[in-house]
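Quick one: the structure is below, questions incoming.
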Amino acid sequence: MKDLKVDSVGMIYEIPGGQAVEALKDVSFELEAGRLLTLLGPSGCGKTTLLNILAGFLAPTAGVVSLNDKRITKPGRDRGMVFQQGALFEWLSVAENISFGPRMNHKKSAEYAPRVEELLEIVGLAGFGDKQVYELSGGMQQRVALARCLANDPDIILMDEPLGALDALTREKMQGLILNIWKETGKTIVLVTHSVEEALYLGDRLFVMAPRPGRIHKDYTLPFAEQGLTADARELKKSPDFAEKREEILNMIWEMEEQIMGTGV
Amino acid sequence: MGILDRFSGKDGQNSRKTVTFGDAAAVRSLPFYSLIALIALIVFWWFATTPFGFDESFQNNVDLQFQASAEDSELRNEARLAEGKNGISIPFSDPMQRDYLAACEQAPRTEAEVPDAEEGVRDLMANGLKDLPDFEFSEAEIERRVGLVQTCDPDDYSQLVGPATMPSPGDTWTQFNRLRTTGFKNVTIWEHAGTSLWRVVRGMFFGSLIGIPIGFAMGLNSKLRGIFDTPVELFRPIPPLALLPLFIVWFGIGDGTAVNLLIFASVWIMIIAARAGARTVKLSKVRAAYSLGASKSQVLRRVILPNALPELFTGLRVALGVSWGTLVAAELVGAETGLGSMIFDARNNLRTDVVVVGIIVIAVIGVLMDVMMRFAESKLIPWRGKG
């Protein structure tokens, strides 16, 4: 039972001035182990808030979140995080960054050193272990962040716009890497993104979220991630099925944005 | 975007955060604790002085000291009178213009008085300054000063320009070599510089030792932020030298005053630097560490501390500069050794060449210290500005 369960989760903030903002309202879903869920939606739809609740950084004001039937109340090793950028430790080398988790848990060098080499290989950074992270390009840094997260062998990997700061080409390569890692490790992944194409391509499940209050607007189950493991990414993204879904979701988000503007805010 | 930001309610989220240690946005000063701290400060002041403070014996002691210093100054006056034979105040006893003017007022006004005045000057220069055996005046200097007596004109400051007011580079170099080998009053300039440096090292060390933990505490905890905000904001604007008179009374002339003054000078800078350093840590770094299984103390030692190193180094560099400047000024009156006191002593004896050498040595040491810090910085925190 390595499932992620989200049951009637709500999140209300008090903002200065006494106003209450409903960032999430009555969000419920279950995600079986090994799925890749992407969260998509306009600004303010609560997708990052939801991710932070799953990570245990925020406690919801209503509802329960549990992983493997264990309630999530604080950050833990069973849930790895990959952030947009700048979350690596610049004072450590690439290998030291990757071994950070095992070292914090008092593992011995002999235990984690072979795994670090292995992970460097997996993310395509073999031989870069002794480099300093600030010497690497943005894409390479995100590879390190992925490896660092995998070193702890979490049950689920949470990604907060991991490719958001990368150029288009690097971004495509990294999407392939995420798919490969997903397949090879069988990890559950939840990924927040702004890019409709990315959400479609990577997610074998996709939530389009809507703002005010933040909620799941539409729940898709998609074939593209599975196909993407074998097919060419470019071809896949050009396929009629893909294009149709993309237009559908873009229109959906466009309407939401118009509604927000329309209410005079 | 601004509106959406407001609605996403960064302030609002704080109440729902499960871990706030290391999260700068979650730390703000709590005014209630600031008030407590202010009251505590005043109560401490009262307790520290009122019950044990100015009792009778202390008061008597103070009276005695005043008496002693009064007698002392009378003696000094007598000595001065004795120095100035023939009623001549010595125009070269002090390079300051006001002393020069005062001297001019007393300079001989009639032709008949001049030879007497000259004799007085010669006698004093040759025999009067017995406490300066190493600093015999050259014939030329004696002649110059005798001439000064004759031509003393309160309106003509240009007479003051000369070896006695601004030494030439050559004179300065000669004096430097003398200070290097035999020294001023038998204390070499290296010993003075060493004394001063050792004071700075101790002051900075204890200033950092106290300041860094307090700064981190303020950066990481709202209650401690509130508590320390009051003393930090109250004491930080005080120029350290303003406390010099008080410190001299408390710690006496010498190391105690100098080192404590430097602790005072550096501690606020280090607090601010450490506080800023603790707050520059990116939330995503802290969260990544927690997700990787780090405990609070591991987050502090392995993330917040190394992340704050660049800020701490900036603080150290600023504190070093301020300390060095403060020290030299403090030593002018607060100590009997060190570069500052050497300069002051030299000034009193009109050895401006010694003063200039002292100034140059101070400047060079200041530059060297900063170069050293920059070098250390590039070695210790190569990632600075590259994150």
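Here, each number is a calculation from the coordinates, and none is a lab measurement. If you're wondering where the values come from, they're calculated on a predicted model, not measured in any experiment. Counting neighbours? That spans all protein chains shown, and the Cβs are built from the backbone with ideal geometry, glycine included.
So what's the angle, to the nearest 10 degrees on a 0 to 90 scale, between helix A:240-262 and the longest Cα principal axis of chain A?
60
Averaged over A:83-90, how many beta carbons belonging to a partner chain fall within 10 Å of each residue's beta carbon?
The shielding value for this peptide is 6.
Determine the sum of side-chain charges near A:ALA87: Lys and Arg each +1, Asp and Glu each -1, restricted to other residues whose C-beta is under 11 angstrom from that of A:ALA87.
+2
Hey, can you grab everything whose amide H is under 5 Å from the amide H of A:LEU24? Only 5+ residues off in sequence or another chain; H modelled, so Pro and N-termini drop out.
HN-HN under 5 Å from A:LEU24: A:MET11, A:GLY214.
Something else now. Got a sec to turn the phi values of the stretch B:373-381 into Karplus ³J(HN,Hα) couplings, 6.51 cos²θ - 1.76 cosθ + 1.60 with θ = phi - 60°, whole Hz, x for Gly and Pro?
5, 5, 5, 4, 4, 5, 7, 8, 10
Additional query: How many Cβ atoms of partner chains, on average, are near each residue of A:34-46 if near means within 10 Å of its Cβ?
1
If each residue of separation counts as 0.36 nm, what is the full-extension length gain between B:TRP190 and B:SER15 once their alpha-carbon separation is subtracted?
57.1 nm
Determine, at each q value in 0.15, 0.18, 0.19 (inverse angstroms), the log₁₀ of I(q)/I(0) that the Debye formula gives when each Cα of the stretch A:86-153 is one equal point scatterer.
-0.38, -0.55, -0.61
Inside 10 Å of the C-beta atoms of B:281-288, what's the mean count of C-beta atoms belonging to other chains?
For this peptide, the per-residue mean of nearby foreign Cβ atoms is 6.
Among A:LYS25/B:LYS17; A:LYS25/A:LYS70; A:LYS5/B:LYS223; A:LYS238/B:LYS285; A:LYS218/A:LYS238; A:LYS70/A:LYS131, which pairs are too far apart, with a Cα-Cα distance over 28 Å?
Table pairs above 28 Å Cα-Cα are A:LYS5/B:LYS223; A:LYS238/B:LYS285; A:LYS70/A:LYS131.
Which pairs break 21 Å Cα to Cα here: A:LYS173/B:LYS282; A:LYS47/A:LYS237; A:LYS47/A:LYS74; A:LYS74/B:LYS296; A:LYS187/B:LYS296?
Beyond 21 Å: A:LYS173/B:LYS282; A:LYS47/A:LYS237; A:LYS187/B:LYS296.
In sequence order, what are the phi-derived ³J(HN,Hα) couplings for the stretch A:192-199 according to the Karplus relation 6.51 cos²θ - 1.76 cosθ + 1.60 with θ = phi - 60°, rounded to whole Hz, with x for glycine and proline?
Computed from phi, the couplings for the stretch A:192-199 are 9, 8, 9, 8, 4, 4, 5, 4 Hz.
Using only helices, what value at 222 nm comes out for chain A when you add -39,500 (n - 2.57) per DSSP H run of length 4 or more and divide by the total residues, to the nearest 500 deg cm²/dmol?
Values: 10 runs with 106 residues, N = 265.
Computed mean residue ellipticity for chain A: -12000 deg cm²/dmol.
Evaluate the relative contact order of chain A (contact order divided by residue number), counting alpha-carbon pairs under 8 angstrom at least 6 apart; express in whole percent.
25
Counting pairwise Cα distances across the stretch B:158-277, what percent come out greater than 25 angstrom?
It works out to 47 percent of all Cα pairs.
How many percent of Cα pairs in the stretch A:21-94 exceed 20 Å? If you can, show how the numbers build up before the last one.
On the way: 1045 of 2701 pairs.
The calculated P(r) of the stretch A:21-94 puts 39 percent of pairs beyond 20 Å.
Could you tell me how far the Cα centroid of the stretch A:10-85 sits from the Cα centroid of the stretch B:254-328, in Å?
34
Under a 5 Å amide H to amide H cut-off, with H placed in plane at 1.01 Å, what residues pair with A:GLY63 once short-range neighbours are removed?
Those lying under 5 Å, H to H, from A:GLY63 are A:GLY10.
Summing +1 for each Lys or Arg and -1 for each Asp or Glu, what net charge is found among the other residues whose Cβ lies under 9 Å from the Cβ of B:ARG225? Provide the component values of the computation, followed by the final result.
Values: positive: B:ARG28, B:LYS223, B:ARG275; negative: B:ASP229.
For residues surrounding B:ARG225, the net value is +2.
Quick one: angle between helix A:109-122 and the longest Cα principal axis of chain A, in degrees between 0 and 90, rounded to 10, please.
The answer is roughly 60 degrees.
A further question on this structure: Angle between the Cα long axis of helix A:168-185 and the longest principal axis of chain A, 0 to 90 degrees, nearest 10?
It works out to around 80 degrees.
Using only the alpha-carbon atoms of the stretch B:242-373, report the extent along each of the three principal axes, biggest first, to the nearest angstrom.
Its Cα atoms span 69, 33, 17 Å along the three principal axes.
Taking 8 Å as the Cα distance limit and 6 or more residues as the minimum spacing, I'd like the relative contact order of the stretch A:86-153 as a percentage.
Once divided by the residue count of the stretch A:86-153, the mean separation gives 49 percent.
Let me ask something additional. How high is the relative contact order of the stretch B:292-348, given as a whole-number percent (alpha carbon pairs under 8 Å, six or more residues apart)? Don't skip to the end; give the middle numbers.
Numbers: 22 pairs, mean separation 9.5, N = 57.
Normalised by residue count, the contact order of the stretch B:292-348 is 17 percent.
Related question: If you take all C-alpha pairs in the stretch B:334-374, what percent of them are over 12 Å apart?
Here the long-distance tail beyond 12 Å is 59 percent of all Cα pairs in the stretch B:334-374.
To the nearest 0.05, how large is the calculated FRET efficiency for A:ASP69 and B:LEU368 if R₀ is 56 Å and r is the Cβ-Cβ distance?
For R0 = 56 Å, the calculated efficiency reads 0.30.
Continuing with this model, one more query. What is the Cα radius of gyration of chain A over 2.2 N^0.38 Å, N being its residue count?
1.03
In whole Hz and in residue order, list the ³J(HN,Hα) couplings for the stretch A:200-212 that follow from phi through the Karplus curve 6.51 cos²θ - 1.76 cosθ + 1.60, θ = phi - 60°; x for Gly and Pro.
6, 6, 8, x, 8, 9, 9, 9, 8, 9, 10, x, 6
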